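None of the figures in this text is laboratory data; all of them are computed from the coordinates on show. All figures in this text were calculated on a predicted structure; none of them were measured in a lab. Virtual Cβ from ideal backbone geometry, glycine too; neighbours counted across all protein chains shown.
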Amino acid sequence: MNPDLSIGLQFELAVRLTAGLVLGAIIGFERELHRQPAGFRTHSLVALGAALFTIVSAYAFVGDAVDPTRIAAQIVSGIGFIGAGTILQYRGSIRGLTTAASLWSVAAIGTAAGAGLILMAVVGTILILVVLAVLDRIEAFATRRLNLPPEGKNQPPKQQPDVDDGRSEDLLP
């Protein structure tokens with residue numbers, strides 16, 4: 001059963017969707033500038049989708065036996081699946097963790113926008129940008145200053161594994 005939504009409320013919901021899209025796009029643009037696998041469009045769509053799911057959860061399903069938080073809970077696990085697709089192992093190093101985390105965070109931005117918490121969504125966007133842009137520069141500066149090896153180059157050399165003959169240690173003579 002769909003509730004009757006006034007034109008004013010529908011306009012407010014459209015603003016929430018737009019806020020989710022714009023805030024996700026801002027974060028996505030930063031990722032795009034760094035040539036990450038998930039950029040402008042992906043982050044925009046994740047935030048917009050999360051906002052829309054949140055609005056649908058809050059306004060489309062009404063009644064005493066309805067739990068509007070169930071859809072929001074599924075946003076978290078669903079976006080984890082998408083984020084996992086951005087994580088790659090390449091020559092002993094892991095790439096894409098920050099992109100996966102930013103997608104997860106953008107879903108939270110969209111959820112906040114969809115719930116009408118626009119100020120929290122804006123503050124969250126600013127903080128995510130601080131982490132992605134400012135902390136990246138601080139990390140690069142510290143790496144140069146402390147003469148640390150480049151990312152992925154600080155692993156010990158691989159040792160030859162012991163030959164496994166398939167026998168349990170308990171059965172060895």
Would you be so kind as to identify which of Ser77, Pro37, Ala50 lies farthest towards the positive end of the dipole of the range 7-148, taking Lys and Arg as +1 and Asp and Glu as -1 on Cβ and the Cα centre as origin? Pro37
Stretched out fully, how many nm does the piece from Asp136 to Met120 gain, at 0.36 nm a residue minus the Cα gap? 3.4 nm
Ranked highest first by the average count of other Cβ atoms within 10 Å around their residues, in what order do 99-112, 18-31, 119-132, 57-70 fall? 99-112, 18-31, 119-132, 57-70
Return the distance in nm (one decimal) between the two label points of a simple spin-label model at Ala14 and Leu148, each offset 7 Å from Cα along Cα→Cβ. 4.8
What FRET efficiency comes out for the pair Leu127/Trp104, r = Cβ-Cβ distance, R0 = 22 Å, nearest 0.05? 0.95
Counting only C-alpha contacts under 8 Å and six or more residues apart, can you give the relative contact order of the range 7-148 as a whole percent? 30
